[in-house]
Amino acid sequence: MNQTATNLLSKIRSRDATIGIVGLGYVGLPLAIAFADKGFAVLGFDVDERKVDAIGRGESYIKHLDGGRLESVVSAGKLTATTDFARLAEPDAVLICVPTPLTPQREPEMRYVDGTAREIAKRLRPGQLVILESTTYPGTTDELVRGILEASGLTCGDSFFLAFSPEREDPGNPDYGTTTIPKVIGGVDPVSGDLAEALYAQAISRTVRVSSARTAEATKLTENIFRAVNIALVNELKIVYDRMGIDVWEVLDAADTKPFGFMRFSPGPGWGGHCIPLDPFYLAWKAREHGLNTKFIELAGEVNIRMPQWVIEKLQLALNDHGKAVKGSRVLVLGLAYKKDIDDPRESPAFELIDALLALGAEVSYHDPHIPEAPSMRSWPDLPPMTSQPLTADLLAATDAVLIATNHTAVDYDLVATHAPLIIDTRGVYRERRENVVKA
Ligand SMILES: NC(=O)c1ccc[n+]([C@@H]2O[C@H](COP(=O)([O-])OP(=O)(O)OC[C@H]3O[C@@H](n4cnc5c(N)ncnc54)[C@H](O)[C@@H]3O)[C@@H](O)[C@H]2O)c1
């Protein structure tokens, strides 16, 4: 380790290092609080002024995040935020937590990572450690980010340091949070890896060092591909068992009693969130560069993307049994978020369902205790503005069908079952047979 690295290491160990976090969303904000909590000075960067202002007031804009912790680190002066990227010269370590979506052609959209790396490169100074946290294809840190940063004239592993460490946040999970989920770390070079590991060890209970940034990037993708493929598998089984008159939920409850060799995944109306529907395609894209096709990933995409349409068909048939067409029927969609008990609507299949129902001429409303107003969505630009309807006996009785897209705990499902004439349950909320419930 040279003197530049040694100086940075001692600043990290004494917690005198200033930490910059670029992108203060679902990943960046909890990370900022985690380091500030440990006594580091944290400077957050975001292009969204509303987020920066909210942090200035000590107010959380992420529902499942403990607002008290944010308030206390802000009032202690440990966490500040800015839209002024000239201040990127200040932090000793810069953690990049910006979005990595897909283009409409389902290819990696690297402009946020690329743009952030360029902002950092403009002010890069000797002794800075840069860590990419955004989920991405293997080689991003080593090829794309390193190239941009070294164009500054500084050399990686000598005058500045660079690593990748994926975020493994599971929003809303009460058992695991930012500081208790083991952190995988891979440096572009060994010294960069050592420095990144030393930094995370200050705030996170367990670090897992791997040999390279590429390995760390591949680790994150592997975890999410595993989920995507298994979600597709149970969704496919659901369709097959449904045709056979077998309840997939009963099968899964029983299979789950096997103490080894089985891991439960739940079927649903599709796949959602910022990770599972997107990340696998980062690997699929990179694999093509190596002349390879990732068949499992493509197949998982095919199955999961088809799910909302299968649910709509079940709804159509169920309404038909009631002597009704979808056109003109009043359908209440229950749950907009992509999974239960969170307020994150990104990529939620609920929007696909609403879009399909509107296209068929249904009158659609929704209830979600965590999302009072449906945000405008990039993938569904034509959806009308909607607000969450209070879930009352009268509303339920006035619908033709309730479509459970997300099984939030806060919903009174007994009330729903008592008053709704027809329920399409995509989440296994109702395990016993009920006259008015169709599992889909
Ligand atoms: N949300 C999760 O549960 C989760 C879990 C693991 C990994 N990830 C990954 O972490 C990364 C961030 O995801 P997220 O969920 O926090 O996204 P997010 O949309 O919640 O937050 C991203 C933030 O970056 C800001 N931003 C956009 N462009 C910027 C720029 N050029 N400079 C500075 N800030 C900019 C946005 O305003 C936003 O506040 C993604 O790569 C994602 O795949 C997310």
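Any read-out appearing in this document is the output of simple, stated calculations on the displayed coordinates, not a laboratory observation. The structure presented is a predicted model; accordingly, all values stated were derived computationally and were not measured. Please note: Cβ atoms are built from the backbone with ideal geometry, for glycine as well, and neighbour counts cover all protein chains shown.
Of the residues D92, D53, D414, D279, the one with the fewest other Cβ atoms within 10 Å heads the list, and the complete ranking is D414, D53, D92, D279.
Per-residue Karplus couplings for region 356-367, computed as 6.51 cos²θ - 1.76 cosθ + 1.60 with θ equal to phi - 60°, are listed in order as 5, 5, 5, 4, 8, x, 6, 9, 10, 10, 9, 10 Hz, Gly and Pro entered as x. Once you reduce region 1-63 and region 213-275 to the center of their Cα atoms, the two points are 35 Å from each other.
Counting 0.36 nm for each residue step from V208 to D114 and taking away their Cα separation leaves a gain of 31.2 nm.
With loop membership from DSSP and a limit of 14 other Cβ atoms within 10 Å, the longest segment of the chain without chymotrypsin sites (Phe, Trp or Tyr not before Pro) is 263-440. Cross-link reach is defined here as a Cα-Cα straight distance under 16 Å, omitting same-chain residues fewer than 8 places apart; for K339 the aspartates and glutamates meeting it are E169, D170, E347, E352, D368, D425.
If you take the square roots of the eigenvalues of the alpha-carbon gyration tensor of region 61-108 and sort them as a ≥ b ≥ c, do you get rounded (a/c under 1.5), prolate (a/b over b/c) or oblate? The shape class here is oblate. Normalised by 2.2 N^0.38 Å, where N is the number of residues, the alpha-carbon radius of gyration of region 7-125 equals 1.08.
Starting from the exponent 0.38 and prefactor 2.2 Å, build the expected Rg for region 332-440 from its residue count and divide its actual Cα Rg by it.
Normalised by 2.2 N^0.38 Å, the Cα Rg of region 332-440 equals 0.99.
Take the Cα of L102, go 7 Å toward its beta carbon, and the backbone nitrogen atoms of region 372-403 under 17 Å from that spot belong to 378-381.
Would you mind checking the pairs K238/K258; K238/K314; K38/K183; K78/K122; K51/K286 and listing those with alpha carbons more than 23 angstrom apart?
K78/K122; K51/K286
Derived scalar couplings between HN and Hα for region 407-421 equal 9, 4, 5, 6, 7, 8, 6, 5, 4, 4, 5, 6, 10, 7, x Hz in order, rounded to whole Hz, by the Karplus curve 6.51 cos²θ - 1.76 cosθ + 1.60 (θ = phi - 60°), x for Gly and Pro. For K340, nonlocal amide neighbours, meaning residues 5 or more places apart or on other chains whose placed amide H falls under 5 Å from its own, are N407.
The alpha-carbon atoms of region 268-395 define a convex hull whose volume equals 120 cubic angstrom per residue.
Need one word for region 177-266: rounded, prolate or oblate. Basis is the Cα gyration tensor (sqrt eigenvalues a ≥ b ≥ c); a/c below 1.5 gives rounded, then a/b vs b/c decides. It is prolate, given that a/c is not under 1.5 and a/b is the larger ratio. Couplings 3J(HN,Hα) of region 119-129, computed from phi: 4, 5, 4, 4, 10, 4, 10, x, x, 8, 10 Hz, in residue order, whole Hz [Karplus 6.51 cos²θ - 1.76 cosθ + 1.60, θ = phi - 60°; x for Gly and Pro]. Residues H64, H290, H274, H322, ranked from the fewest to the most other C-beta atoms within 10 Å, line up as H290, H322, H64, H274.
Each of S266, S134, S14, S348 has some number of other Cβ atoms within 10 Å of its Cβ, and from fewest to most they run S14, S266, S134, S348. Given a cut-off of under 8 Å on Cα pairs at least six residues apart, what relative contact order in percent is computed for the chain? Over the chain, the number comes to 11 percent.
Just so you know, the Cα atoms of the chain work out to an Rg and Dmax of 23.7, 79 Å.
Counting other Cβ atoms within 10 Å of each Cβ, which trypsin sites (Lys or Arg not before Pro) in region 228-312 have at most 13 and sit in a DSSP loop?
Details: sites: K238, R243, R264, K286, R288, K295, R306; in loops: R264.
Sparse-neighbourhood loop trypsin sites (Lys or Arg not before Pro): R264.
Evaluate E = 1/(1 + (r/R0)^6) for A86 and Y413, where r is the Cβ-Cβ distance and R0 equals 56 Å; express this FRET efficiency to the nearest 0.05. It comes to 0.60. Only helices enter the 222 nm calculation for the chain: every DSSP H run of n ≥ 4 contributes -39,500 (n - 2.57), and dividing by all residues gives -12000 deg cm²/dmol, rounded to 500. Placing +1 on the Cβ of every Lys and Arg and -1 on the Cβ of every Asp and Glu, with nothing else charged, gives the chain a dipole about its Cα centre of roughly 640 debye. Based on the Stokes-Einstein relation at 4 °C and a viscosity of 1.567 mPa s, and on the Kirkwood radius from alpha carbon pairs, region 128-229 is assigned a translational diffusion coefficient of 93 µm²/s.
Between the DSSP loop rule and a limit of at most 12 other Cβ atoms within 10 Å, which GluC sites (Glu not before Pro) in region 353-440 are left?
Numbers: sites: E363, E373, E432, E435; in loops: E432, E435.
Here the sparse-neighbourhood loop sites are E432, E435.
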